[in-house]
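Report on the structure given below.
The values are calculated or read from the model by the stated rules, or taken from the named source; none is laboratory data. Remember, it's a predicted structure, so these values are computed and weren't measured experimentally. Don't worry about glycine lacking a Cβ; one is built from the backbone with ideal geometry, like all the others, and counts go over all protein chains shown.
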Amino acid sequence: MRRRTPRWNRPWGRRGRRVLGEPIPAPCRFPPVLVSVATNLSPAPMADPPDTLKYFHKEPAVLEPVVSGRDPDARRRQERSDVPPDEAILHGDPFETERNESATVYRGYLAGTNHAQGRVGLTALRRPVEAFVGPILEALGGPWWGRSGPDEQVEALSPDTARRVLQEPGGTRVLVTADAPVPDDVIAEAAVQEPDRARPALSALLEAAQVALFPASAHDGHDWRLWSAAPMRRRLTGAFRDRPVSGTRRFVIPAAKARSESKFYFDMWRPADADLPGYVEEV
């Protein structure tokens, strides 16, 4: 009897289709084995392959209410019933770019791979401060930082402490930056649940904060999920360009183009002599 090859364990649903309410994009449970990675991103083999950082963006995105799983067609906009007023949070035209009564949100996902050590996770990069911490502080950071920790205790942070949290989230539930202090109860309420399941709380948080960052468990360490009421991609991409890092390559990818394991891990799957996909921008 012929043995079947096991399928990949895909976190975004059947047939590779993600539900909007799920994090974007989420890495698969079992990434491809880190072999010949150096040649995947370089024309010639390297003894010490570069790290890769990937920023997946969805700009703008729509925060939609959770719909019943019993109705597979419930997510079709034309057939969806009106949203109750108390649940109509940040919904509207998905191409709206100005924040108003029917505002949208802007989402990002920062992931990374330390190819030299075979470690998958943004915080596993060998030079995290230069690779992503500095650009985040420069492009997205405000004068005030705060977080909710593992005991749901909210505390204000100095910029140096925020820098350390970005490198190692530990038990952080949510990291927040803003122009002025954000009320403790607003942060605590958004930290109780996953951001996709806490729409009213996330809406209130984004009214007061510039950016909310939620840590996401990776295979080795953590990735970061970013939420904002304002566009982030151009600012963060500019900071990446202004801060080149030796031994690290950075890529910017639309989340809609990364709906499979091979596309999420394109830096591991691409043949040695293949060009980067057209939707991948190196910065």
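Any residue that is among the hydroxyl-bearing types (Ser, Thr, Tyr), outside any loop (DSSP other than H, G, I, E, B), surrounded by fewer than 21 Cβ atoms within 10 Å (Cβ to Cβ) and modelled with pLDDT under 95 - is there at least one of those in the stretch 69-92?
no
Would you pick out the residues in the stretch 232-249 that are of a type outside the set (Gly, Ala, Ser), in a loop (DSSP other than H, G, I, E, B) and exposed (fewer than 15 other Cβ atoms within 10 Å of the Cβ)?
Pro244
Any residue at all in the stretch 245-263 that's among the aromatic types (Phe, Trp, Tyr) and touching a Pro at 6+ places or on another chain (Cβ under 9 Å)?
Within the stretch 245-263, none of the residues are among the aromatic types (Phe, Trp, Tyr) and touching a Pro at 6+ places or on another chain (Cβ under 9 Å).
Return only the number of the condition from (1) in a loop (DSSP other than H, G, I, E, B); (2) modelled with pLDDT under 95 that Pro169 does not satisfy.
(2)
Residue-by-condition table, conditions (1) within 17 Å of Arg250 (Cα to Cα); (2) free of Cβ contacts under 8 Å to residues at least 40 places away in the same chain; (3) not basic (Lys, Arg):
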site: Gly112; (1), (2), (3): yes, no, yes
site: Gly142; (1), (2), (3): no, no, yes
site: Leu175; (1), (2), (3): no, no, yes
site: Ala180; (1), (2), (3): no, yes, yes
site: Val192; (1), (2), (3): no, no, yes
site: Pro200; (1), (2), (3): no, no, yes
site: Ala204; (1), (2), (3): no, yes, yes
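If Leu137 passes every condition in (1) free of Cβ contacts under 8 Å to residues at least 60 places away in the same chain; (2) surrounded by fewer than 22 Cβ atoms within 10 Å (Cβ to Cβ); (3) within 21 Å of Val105 (Cβ to Cβ) but one, which one does it miss?
Failing condition for Leu137: (3).
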